[in-house]
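The values are calculated or read from the model by the stated rules, or taken from the named source; none is laboratory data. This one's a predicted model, so the numbers in the text were calculated from it and none came from an experiment. Note that we place each Cβ from the backbone using ideal geometry, even for glycine, and neighbour counts take in every protein chain shown.
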Amino acid sequence: MSTTMENETERGALTIADVAERAGVSRAVASRALSPKPRPVSAEKRERVLKAAAELGFKPNLLAQSLTSKSVNLVAVVVNHIHDLSDLDLFDLLLDRIQAAGKQLILLRVGSVARVEEFLRRGIAYHVDAALVFSDFADAATVREMFHSDHVVMLNGRHDRLSPAIIPDEAVGIEQAVADAAGKGVREAALLTGRQSSEVERIRIGAYRASFARHGITVIREAQGDYSYESGHAAAEALVGENPPQAVFCTSDAMAMGILDARRADFPGNRPERFRLYGFDNLSLTSFDAYPIASIGYDKTRYVDEIVGMLTQPQVFGQPHEPVRIPTAFFPRATA
């Protein structure tokens, strides 16, 4: 151990002053370089400070930073639940990017309107820098009231002009998928939907119906699941049966996976023999041989980039603006 390190250890816990001394900069410059938020400092000095901090084993005190900046570096994520495979794909990426921005997530499970009302009635609130709302059951005004903050990003379709929103433009990918089926001679289809309490799901179903009508495809069977593998597996017999439609469209890949496993005999070598199968979400699992399901999806990296961009630009909150729309696309695979 060097003499410098011994002296620093003898003085007690490392401080930002120790980092500044080793990097040969002022404490103010060291503080700006180590801040999780963009601060004015040259690239050369930032590099020196980061190198000094690494050599010393210095970790910034996020609590102390929050007291100084009036920021707690926490972001609330409001969900119905986390059990869909699409949640796993998205939230792993979201967690990684938000932590890289110097913040941490807390999850709030809000599975019903009654649960939202309970939060309000009991005054349950959390001091957070912002809230990301995926739950179907919370509107923008209610969430702003819940957290006593205008820093709310709406991701469930229930936005207003005071809360920024990010929305996948699902009609584009749906039109491409339905056109693919129509081009292969499909004239009769079945549709397996998710929770129609969701504004996003209602818009999605409307986009399917409009595309079916444009391409002359009749929906001869319909069922409702909950986006899960189990609900797709359970619905397979009712949707397909002895006289299957020419195609089955599902509003989640997990439900399509359930149908595929229930009807593996109809997909020798994963190729459709009696009906074509289309999912939604473009899960990472659909890139593997076990579930090569034709699907609709959007660039999740771009989606998360938009979320993180809003979190790091507080001036976007409380100002009227239109939702950010992320385009979707069709991804053809073996089941179609």
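Of the residues in the range 230-263, how many are surrounded by 23 or more Cβ atoms within 10 Å (Cβ to Cβ) and within 27 Å of the chain's Cα centre (by Cα)?
15
Check the range 221-230 and report whether any residue there is touching a residue at least 24 places away in the same chain (Cβ under 8 Å) and part of a helix (DSSP H, G or I).
Taking the range 221-230 first, the residues touching a residue at least 24 places away in the same chain (Cβ under 8 Å) are 221-230.
With the extra rule that they be part of a helix (DSSP H, G or I), the set shrinks to 229-230.
Looking through the range 221-230, at least one residue is touching a residue at least 24 places away in the same chain (Cβ under 8 Å) and part of a helix (DSSP H, G or I).
So, in the range 150-164, exactly how many residues are out of contact with any strand residue (DSSP E or B) (no Cβ under 7 Å at 6 or more places or on another chain) and either at pLDDT below 85 or surrounded by fewer than 21 Cβ atoms within 10 Å (Cβ to Cβ) (or both)? It would help to see each step written out before you state the result.
Kept after step one, since they are out of contact with any strand residue (DSSP E or B) (no Cβ under 7 Å at 6 or more places or on another chain), are these residues of the range 150-164: 150, 158, 160-162.
Those left that are additionally either at pLDDT below 85 or surrounded by fewer than 21 Cβ atoms within 10 Å (Cβ to Cβ) (or both): 150, 160-162.
Number of matching residues: 4.
Quick check, is ALA294 without any contact (Cβ under 8 Å) to a residue 60 or more places away in the chain and buried (at least 21 other Cβ atoms within 10 Å of the Cβ)? Before the answer, list the steps.
On the way: without any contact (Cβ under 8 Å) to a residue 60 or more places away in the chain: no; buried (at least 21 other Cβ atoms within 10 Å of the Cβ): yes.
For ALA294, the condition - without any contact (Cβ under 8 Å) to a residue 60 or more places away in the chain and buried (at least 21 other Cβ atoms within 10 Å of the Cβ) - is not met.
Which number in (1) touching a Ser or Thr at 6+ places or on another chain (Cβ under 7 Å); (2) modelled with pLDDT under 95; (3) among the aliphatic types (A, V, I, L, M) marks the one condition that ILE167 misses?
Condition (1) is where ILE167 drops out.
In the range 188-206, what residues are loosely packed, with under 15 Cβ neighbours inside 10 Å, small (Gly, Ala, Ser) and in a loop (DSSP other than H, G, I, E, B)?
If the condition is that a residue be loosely packed, with under 15 Cβ neighbours inside 10 Å, small (Gly, Ala, Ser) and in a loop (DSSP other than H, G, I, E, B), then SER197 is the only one that fits.
What residue, among those in the range 207-229 that are of a type in the set (Gly, Ala, Ser) and more than 22 Å from the chain's Cα centre (by Cα), is surrounded by the fewest Cβ atoms within 10 Å (Cβ to Cβ)?
Start the filter on the range 207-229 by keeping residues that are of a type in the set (Gly, Ala, Ser), which leaves 207, 210-211, 213, 216, 223, 225, 228.
Narrowing the set further to residues that are more than 22 Å from the chain's Cα centre (by Cα) leaves 210-211, 213, 216, 223.
Numbers: ALA210: 14, SER211: 20, ALA213: 12, GLY216: 9, ALA223: 18.
For the range 207-229, the residue satisfying everything is GLY216.
For residues in the range 264-309 being of a type in the set (A, V, I, L, M, F, W, C) and over 25 Å from the mean Cα position of the chain (by Cα), which is farthest from VAL153 (Cα to Cα)? Lay out the reasoning, then the answer.
To start, the set of residues in the range 264-309 that are of a type in the set (A, V, I, L, M, F, W, C) comprises 265, 267, 275, 277, 280, 283, 285, 288, 290, 293-294, 296, 304, 307-308.
Still in the running and over 25 Å from the mean Cα position of the chain (by Cα): 265, 267, 275.
Numbers: ALA265: 44, PHE267: 42, PHE275: 40 Å.
If we take residues in the range 264-309 being of a type in the set (A, V, I, L, M, F, W, C) and over 25 Å from the mean Cα position of the chain (by Cα), then ALA265 is farthest from VAL153 (Cα to Cα).
Considering only residues that are at pLDDT below 85 and in a loop (DSSP other than H, G, I, E, B), look in the range 119-136 and name the one that is farthest from LEU95 (Cα to Cα).
ARG122
Run ARG204 past the list (1) touching a residue at least 60 places away in the same chain (Cβ under 8 Å); (2) in contact with a helix residue (DSSP H, G or I) (Cβ under 8 Å, 6 or more places away or on another chain); (3) not hydroxyl-bearing (Ser, Thr, Tyr); (4) not assigned by TED's automatic domain parsing to the domain that holds ALA235 and report the number of the one that doesn't hold.
Failing condition for ARG204: (4).
Cβ contacts < 7 Å: first residue in contact (Cβ under 8 Å) with a residue 60 or more places away in the chain, restricted to the range 90-110; second residue of a type in the set (S, T, N, Q), any location; separation 6+ or different chain. Result?
Here the result reads LEU93/THR301; ALA101/THR312; GLY102/ASN73; LYS103/ASN73, each pair linking the range 90-110 to a residue that is of a type in the set (S, T, N, Q).
Go over the candidates ARG209, ARG187, ARG161 one by one and state the one that is basic (Lys, Arg) and not assigned by TED's automatic domain parsing to the domain that holds GLY232.
Details: ARG209 fails: not assigned by TED's automatic domain parsing to the domain that holds GLY232; ARG187 fails: not assigned by TED's automatic domain parsing to the domain that holds GLY232.
Result: ARG161 is the single residue among ARG209, ARG187, ARG161 that is basic (Lys, Arg) and not assigned by TED's automatic domain parsing to the domain that holds GLY232.
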